[in-house]
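Below is one structure, written out as structure tokens; the observations come after it.
The values are calculated or read from the model by the stated rules, or taken from the named source; none is laboratory data. Keep in mind that what you see is a predicted model, and the values were worked out from it rather than measured. Reconstructed Cβ throughout: ideal geometry from the backbone, glycine too, with neighbour counts over all protein chains shown.
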Amino acid sequence: MGFDSLRTDPMKSINWHIHRNGCPHYREHWPKGTDLEAGEPLYQVFCGMNTPPASTEEQSRCLTAKNGCWRYARRSQKQPGAECEDAVFPNL
């Protein structure tokens, strides 16, 4: 797997896939030549809001949140200015 892809900005690179009906901050990268037997990942996930999905349930929410991050939408529905309870990686 080429590690040059780790140095590129996923939000600007054409090598990171944007899903049409997904969150505008969600990106996926499917590198060629991945060696699964060596433990390399099949694909990489990046979140421009620093809240990447931690489970398949969260990933499916990211893939259907066309208008923005579902975590922030959920937070604003609870009360404006409240901390996001669902943010698994709030300060990365």
So how many residues does the range 55-64 have that are part of a loop (DSSP other than H, G, I, E, B) and either among the polar types (S, T, N, Q) or in contact with a Cys (Cβ under 7 Å, 6 or more places away or on another chain) (or both)?
2
Subset of the range 14-28, residues surrounded by 13 or more Cβ atoms within 10 Å (Cβ to Cβ) and under 23 Å from residue 67 (Cβ atoms), comes to 16, 17, 18, 19, 22, 23, 24, 25, 26, 27, 28
Condition (residue is assigned to a helix (DSSP H, G or I), modelled with pLDDT of 90 or more and over 13 Å from the mean Cα position of the chain (by Cα)) applied to the range 65-86: is it met by at least one residue?
no
Condition first: in a loop (DSSP other than H, G, I, E, B), without any contact (Cβ under 8 Å) to a residue 24 or more places away in the chain and of a type in the set (Asp, Glu). Can you find one or more residues in the range 9-31 that meet it?
yes
Which condition does residue 37 not pass, out of (1) modelled with pLDDT of 75 or more; (2) in a helix (DSSP H, G or I); (3) surrounded by 10 or more Cβ atoms within 10 Å (Cβ to Cβ), if it passes all the others?
(3)
So, in the range 40-51, of the ones that are not β-branched (Val, Ile, Thr) and not in a loop (DSSP other than H, G, I, E, B), which residue ends up farthest from residue 19 (Cα to Cα)?
44
